[in-house]
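The values are calculated or read from the model by the stated rules, or taken from the named source; none is laboratory data. Computed from a predicted model, the values in this text were never measured in an experiment. Note: ideal-geometry Cβ built from the backbone for every residue, glycine included; neighbour counts use all protein chains shown. Accessible surface is based on the protein model in full, side chains and every heavy atom, while ligands, DNA and RNA are left aside. Shrake-Rupley method; radii C 1.70, N 1.55, O 1.52, S 1.80 Å.
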Amino acid sequence: MAFVNYAHRGASTYTPENTMLAFYTGMYMGANGIETDVHRTADGKYILIHDDNTKRVAADEMIVEKTTFDTLRNLILSDVDGKKGRTDLRMPTLQEYIQICKKYGKIAVLELKNEFTASDVYKILGAIDKMGYLENTTIISFCLKNLIRLRKRYPDVQAQFLLSEWDDKHMASLIKYNVDLDIKHTAVTAELCKKIHDAGKVINCWTVDTVEDGQRVIDCGIDFITTNILE
C-alpha cells in the first residue's frame with residue numbers, strides 16, 4: 001500500500017516548528033508535503049504559528065489574533081534548546097511557505113486555525129492561487145464552517161475535515177461538502193478506511209510518530225500520514 005507522508009509543522013522534532021528551517025529540513029528529509037498552521041493577525045494579515053499565543057515557541061506571550069503582523073514577525077522564536085539568539089527563527093508568512101513548497105515541488109498542507117470569515121478564507125486561497133500553487137495545496141481544518149466557506153468559491157481545491165474521533169454522522173458532511181477526512185491516528189481502523197474509500201474519499205491521519213503506529217495505519221489502508229518523525 002502506497003501512502004504519502006506530511007511533515008507536521010515541518011521537521012518539528014528536529015528543528016523549531018513552523019519555521020523556514022523546519023520546512024527546509026522536512027523537505028530534505030524526504031517528506032512528500034509540509035503541514036503548517038495559519039492565523040489571522042490583529043491587522044488582517046496572515047502568519048504561520050500553531051498556538052493561539054506565542055509563549056510556547058517564543059517565551060514572550062502574545063495573543064496572535066490580537067497582535068499586529070509586524071510585531072509577530074519581528075519576534076525571535078526559541079531554538080530547540082529553548083534559548084533565543086538565532087535571528088532567522090521567526091514566524092513565516094503564507095507567501096514564504098507556499099514559495100518554498102513550490103520551489104521543491106512539495107504538497108502544501110495548510111491548516112486554518114480557529115474560525116475564519118469567508119473573506120479571510122478567500123484572501124488566503126486567493127494569495128495561493130496568485131502564486132500558481134492552488135492545485136498542489138490541501139486545506140485542512142477542525143472548523144467545518146471554514147471548509148464550507150471554502151467550497152462556495154473553490155469547489156475543486158483539496159480539503160480535509162480534521163477530527164479526533166469518528167462518528168458515522170460525519171460522513172454526510174464529507175459527502176455534502178466534498179471534503180476528505182484527516183483524523184487522529186488512534187481512530188483509524190480498517191473498517192473506517194473502507195467506509196471512506198467506498199464513499200470515494202481519501203483518508204489522512206495525524207500524528208503518527210512510531211514505526212508501530214505507522215505500520216498499523218498503513219495496514220488499515222490509510223492514504224496519507226502526518227508525522228513529526230521523518231526517519
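Structural remarks
- Residue 178, sole failed condition from (1) on the phi < 0 side of the Ramachandran plot; (2) under 22 Å from the mean Cα position of the chain (by Cα): (1)
- Filtered residue count, region 2-43, keeping only those that are in contact (Cβ under 8 Å) with a residue 24 or more places away in the chain, part of a loop (DSSP other than H, G, I, E, B), hydrophobic (A, V, I, L, M, F, W, C) and open to solvent by 40 Å² or more (accessible area, probe 1.4 Å): 3
- Subset of region 199-226 [within 20 Å of residue 27 (Cα to Cα) and either in a loop (DSSP other than H, G, I, E, B) or among the aromatic types (Phe, Trp, Tyr) (or both)]: 206, 207, 208, 209, 210, 223, 224
- Qualifying residue in region 139-155 (condition: of a type in the set (S, T, N, Q), closer than 20 Å to residue 206 by Cα and assigned to a strand (DSSP E or B)): yes
- Matching residues in region 44-72 - criterion: being out of contact with any Phe, Trp or Tyr (no Cβ under 9 Å at 6 or more places or on another chain), open to solvent by 10 Å² or more (accessible area, probe 1.4 Å) and of a type in the set (Gly, Ala, Ser): 59
- Checked against (1) in contact (Cβ under 8 Å) with a residue 40 or more places away in the chain; (2) more than 29 Å from residue 74 (Cα to Cα), residue 174 passes all but a single condition, namely (1).
- Filtered by the rule that a residue be touching a Phe, Trp or Tyr at 6+ places or on another chain (Cβ under 8 Å) and surrounded by 22 or more Cβ atoms within 10 Å (Cβ to Cβ), region 125-139 gives no residues.
- Yes/no for residue 134 being among the hydrophobic types (A, V, I, L, M, F, W, C) and within 19 Å of residue 22 (Cα to Cα): no
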